[in-house]
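The values are calculated or read from the model by the stated rules, or taken from the named source; none is laboratory data. This one's a predicted model, so the numbers in the text were calculated from it and none came from an experiment. Because the Cβ atoms are built from the backbone with ideal geometry, glycine has one as well, and the counts that use them run over all protein chains shown. Calculation scope for accessible area: heavy atoms of the full protein, side chains included, ligands and nucleic acids excluded. Shrake-Rupley method; radii C 1.70, N 1.55, O 1.52, S 1.80 Å.
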Amino acid sequence: MNVLVLNGPNLGRLGKREPDKYGRATYADLVDLCERTAAELGIGAEVRQTDHEGEMVGWLHEAADEQRPVVLNAAAWTHYSVAVRDACAQLRAPLVEVHLSNVHRREEFRGHSYLSDIATGVLAGFGVFGYAMSLRWLAEQQS
Ligand code: DQA
């Protein structure tokens, strides 16, 4: 199993970006955590981040064509992108929607996701550990 861990806009600035909401772990720490967790679990994980919606849609097409599971933090696109939703709808392996913050206790607009009803599962509010939990759950599915 080779999971794609995809991150949307502004997540490359983790650590510097509103640490009260998103925590102090940097994007490099997030990549490291995912790679270490995947290695422990004996699975592959490739972590990517983009601020460009078209690039994200292309990566989701790649995951669909290769039947790869996806852990996705679509960041702000979660709340408005029909293009990201439509790309996610093409996936043929599990999709885990993840958010660092608990989007349900923030502004009202963050409570709506274009992805949750097509995701296999959703994790929000556990900071970077949400990614590790997602990988752990995915690894369980193949054993
Ligand atoms: C986020 C929550 C989104 O509302 C926000 O736009 C983000 C990050 C999170 O991980 O908590 O950029 O997806």
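The condition of being in contact with a Ser or Thr (Cβ under 6 Å, 6 or more places away or on another chain) and either open to solvent by 10 Å² or more (accessible area, probe 1.4 Å) or modelled with pLDDT of 95 or more (or both) holds for only one of Gly54, Gly15, that being Gly15. Of all residues in segment 81-96, those being open to solvent by less than 10 Å² (accessible area, probe 1.4 Å) and either over 16 Å from Arg68 (Cβ atoms) or aromatic (Phe, Trp, Tyr) (or both) number 2. Does segment 76-86 contain at least one residue that is away from the ligand (no atom under 16 Å from the Cβ), of a type in the set (S, T, N, Q) and closer than 23 Å to Leu138 by Cβ? Among the residues of segment 76-86, not one is away from the ligand (no atom under 16 Å from the Cβ), of a type in the set (S, T, N, Q) and closer than 23 Å to Leu138 by Cβ, which makes the answer no. Of the residues making up segment 104-132, those that are closer than 18 Å to Val31 by Cβ and open to solvent by 80 Å² or more (accessible area, probe 1.4 Å) are Phe126, Phe129. Going through segment 85-133 one residue at a time, which ones are out of contact with any strand residue (DSSP E or B) (no Cβ under 9 Å at 6 or more places or on another chain), in contact (Cβ under 8 Å) with a residue 12 or more places away in the chain, of a type outside the set (A, V, I, L, M) and part of a loop (DSSP other than H, G, I, E, B)? Listed by number, the residues that qualify are Gln90, Arg92, Arg106, His112, Tyr114, Gly127.
Gly8 satisfies every condition listed in (1) loosely packed, with under 14 Cβ neighbours inside 10 Å; (2) touching a residue at least 24 places away in the same chain (Cβ under 8 Å); (3) of a type outside the set (S, T, N, Q) except (1). Restricted to segment 18-32, and to residues there that are within 14 Å of the ligand (Cβ to nearest atom) and in contact (Cβ under 8 Å) with a residue 40 or more places away in the chain, the residue that is least open to solvent (accessible area, probe 1.4 Å) is Leu30.
Which members of segment 134-143 meet the condition of being in contact with a strand residue (DSSP E or B) (Cβ under 9 Å, 6 or more places away or on another chain) and surrounded by fewer than 17 Cβ atoms within 10 Å (Cβ to Cβ)? Matches in segment 134-143: Trp137 only. For segment 44-62, the count of residues that are touching a residue at least 60 places away in the same chain (Cβ under 8 Å) and over 19 Å from Ser101 (Cα atoms) is nonzero. Contact annotation: residue pairs with Cβ atoms under 9 Å, 6 or more positions apart or on different chains, pairing a residue in segment 72-83 that is on the phi > 0 side of the Ramachandran plot with a partner that is within 10 Å of the ligand (Cβ to nearest atom) and in a helix (DSSP H, G or I), are Ala75/Leu11.
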